[in-house]
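Below: one structure, written as structure tokens.
The values are calculated or read from the model by the stated rules, or taken from the named source; none is laboratory data. What you see is a predicted model, and the numbers here were worked out from it, not measured in a lab. Here the Cβ positions follow ideal geometry from the backbone for every residue, glycine too, while neighbour counts run over all protein chains shown.
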Amino acid sequence: MTLVLTSSRTDNASLALEDGGSFPVVPSLLGALPGSGGVAPQPALLSGTILVDPQNASGVASNSSPPVATFAGFTGPIFRTYAGLVSAWGTYQPFFTTPPTIVFVSSHVDNSDPVVLNSTGAAPIIRTSAPVVVSAAIALAGTTAKNRAAGANSPLITNLGATGAANQLVVNATHPSVTWACKSLGANSFRMWQPLVAATPGGTVAPAEVDTWANGDSVSLNTLINVNVVSIRHTPTTGFSGPTLYRVSFFDPLGAGNSTVLLDGTPGTITCMECSFQRTLHALGGFLGVNLTNCLYIASLEIDDCAATLVGGGTTPTSSAVTLNAGLNGLTIDGDFGLSTAGGAPAFVQSGGATFVIAFMFLDAGFTVQTGEVQLGTLFYGGHAIYGTAGNNINLTGQSRLFNASGTFVAALTAPGPVAGINVNGAATASSANNAQPQVLQGGIATTPANLDAAQGAAGFGGLAFKLGGSSIANAA
């Protein structure tokens, strides 16, 4: 992109933009052009709401002279491309004195307009306008409520009708809440992830769960506007809050799972609400990181040594890999987060000493604890349990540890795999020991929740199971 000053005066300058027009800039933008690495203060003309319309659905979008207009319920200057907005800023690294809201009102369809933001100052909101409605006022039928109990182990299942499809955002008007259609079960029936009260930018990262979906409820089936987000990073000048991305479909121009989006929450926490990821999500962050509320991960999910909170939503049967590395920074999972992968490939979980807590989670894939300790504990929703489908288990390797912070193992582990026995260093058996002198070790005991709760002895662990030199399972006692 070429930028040319059309005036020699720094008090009345403008930038020539890619479609032939110009846009006024304030003097402090000069010397901070795209690619320069400079930090440019946000022009007053670009405070507040800014619209980006790649398909020119408004009919008036322009990079040369973006008109201030109302479209899709939002009012602000309407740019044809994100690149046009960057030209107006004069940099990919704008300094925001007031938090802008950047609204994409139509979709990206290729890789010609990638979204890269490395901002400073007030935290921006990046969002889309209303989702595209596939079908409205669909009446639910064949509904099976979520059930975490052993022997039941089911998420919400319901019939969405002939226009239902995996990865749709489903909005319930009868019992106000939002969730995702995760997996087709045939005959228009779908496994759904956990419905939550609709999120709002700036609101709680843990909206209330809604478990009252029933036959006859009126729902709409929706798809999100595609935005070709490649990289987001923000450095706050006060506090730790960073950008919020709301109802953004992270578009992969090469097809789902063939590209990566980097969310770097190292300087300021990044929050994603009700977003879907066609791109592999790679999250960094140190002691800050990312909040992910009711999001859908169509491709791989990689949390890399990053403080992260995952609430609701989940991965899908097309997710090729899931790696959750808390490192030294902590990671929490709650809101009946759904774990599913292509072919049931296990998720890999690591903790380098920080707290890694799982509260409510549904397993449609196994997970392997490679290093550190994973706790089963209560976070946002008043309890904790891991439930799920058959054939998926918890696998402890090396010297990793599974710790139940409160309550019984029978209540905390109801999925069929763990109920049959957690895998400890390759087998669903472990040893127990008494605390007497001389100490007596008893081995070959099945690592079932019932045996973990039972008194220590030939058929019980008394809350502590271990392999000598290997992994262990313990409770708070």
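Out of Ser431, Ser400, Ser472, report the one residue that is modelled with pLDDT of 95 or more, surrounded by 15 or more Cβ atoms within 10 Å (Cβ to Cβ), in the same structural domain as Val349 (by TED's automatic domain parsing) and polar (S, T, N, Q).
Ser400
Among the residues of the range 154-175, count how many are of a type in the set (A, V, I, L, M, F, W, C) and not in a strand (DSSP E or B).
6
So that you can scan it fast, the table gives a plain yes or no per residue for (1) in a loop (DSSP other than H, G, I, E, B); (2) touching an Asp or Glu at 6+ places or on another chain (Cβ under 6 Å); (3) farther than 28 Å from Thr318 by Cα:
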{"position": "Gly382", "(1), (2), (3)": "yes, no, yes"}
{"position": "Tyr387", "(1), (2), (3)": "no, no, no"}
{"position": "Gly398", "(1), (2), (3)": "yes, no, yes"}
{"position": "Ala411", "(1), (2), (3)": "no, no, yes"}
{"position": "Ala436", "(1), (2), (3)": "yes, no, yes"}
{"position": "Ile445", "(1), (2), (3)": "no, no, yes"}
{"position": "Ala450", "(1), (2), (3)": "no, no, yes"}
{"position": "Gly470", "(1), (2), (3)": "yes, no, yes"}
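Conditions (1) touching a Ser or Thr at 6+ places or on another chain (Cβ under 7 Å); (2) free of Cβ contacts under 8 Å to residues at least 40 places away in the same chain; (3) closer than 24 Å to Leu396 by Cα; (4) in a strand (DSSP E or B), marked per residue:
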| residue | (1), (2), (3), (4) |
| --- | --- |
| Ala256 | yes, no, no, no |
| Thr266 | no, yes, no, no |
| Ile270 | no, yes, no, yes |
| Leu288 | yes, no, no, yes |
| Ala308 | no, yes, yes, yes |
| Pro317 | yes, no, yes, no |
| Thr323 | no, yes, yes, yes |
| Val349 | yes, yes, yes, yes |
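Can you name the number of the only condition in (1) within 19 Å of Gly460 (Cα to Cα); (2) of a type outside the set (Ser, Thr, Tyr); (3) touching a strand residue (DSSP E or B) at 6+ places or on another chain (Cβ under 9 Å) that Asn393 fails?
(1)
Let me spell it out: the conditions are (1) closer than 19 Å to Gly338 by Cβ; (2) crowded, with 24+ Cβ neighbours inside 10 Å, and Phe251 meets all of them except one. Which number is the exception?
(1)
May I ask you to list the residues in the range 122-143 that are buried (at least 17 other Cβ atoms within 10 Å of the Cβ) and within 25 Å of Gly388 (Cα to Cα)?
Matches in the range 122-143: Leu140 only.
Surrounded by fewer than 19 Cβ atoms within 10 Å (Cβ to Cβ), among the aliphatic types (A, V, I, L, M) and free of Cβ contacts under 8 Å to residues at least 12 places away in the same chain: is that true of Val116 in this structure? Give the derivation first.
Working: surrounded by fewer than 19 Cβ atoms within 10 Å (Cβ to Cβ): yes; among the aliphatic types (A, V, I, L, M): yes; free of Cβ contacts under 8 Å to residues at least 12 places away in the same chain: no.
No; evaluated as a whole, the condition is false for this residue.
What number of residues in the range 257-275 are surrounded by fewer than 24 Cβ atoms within 10 Å (Cβ to Cβ), under 16 Å from the mean Cα position of the chain (by Cα) and within 19 Å of Pro317 (Cα to Cα)?
2
So Ser64 fits all but one of (1) without any contact (Cβ under 8 Å) to a residue 60 or more places away in the chain; (2) farther than 23 Å from Thr260 by Cα; (3) buried (at least 22 other Cβ atoms within 10 Å of the Cβ); what number is the exception?
(3)
Within the range 311-323, can one find any residue that is within 17 Å of Thr269 (Cβ to Cβ) and either modelled with pLDDT under 95 or surrounded by fewer than 24 Cβ atoms within 10 Å (Cβ to Cβ) (or both)? Walk me through how you get there before you give the answer.
As a first pass, look at the range 311-323 and keep what is within 17 Å of Thr269 (Cβ to Cβ): 311.
This time we only want the ones that are either modelled with pLDDT under 95 or surrounded by fewer than 24 Cβ atoms within 10 Å (Cβ to Cβ) (or both), so: none.
Checked against the condition, which is being within 17 Å of Thr269 (Cβ to Cβ) and either modelled with pLDDT under 95 or surrounded by fewer than 24 Cβ atoms within 10 Å (Cβ to Cβ) (or both), the range 311-323 yields no hits at all.
So in the range 420-434, with the set limited to residues that are hydrophobic (A, V, I, L, M, F, W, C) and in a loop (DSSP other than H, G, I, E, B), which one is farthest from Ala459 (Cα to Cα)?
Ranking the qualifying residues of the range 420-434, first place goes to Ile422.
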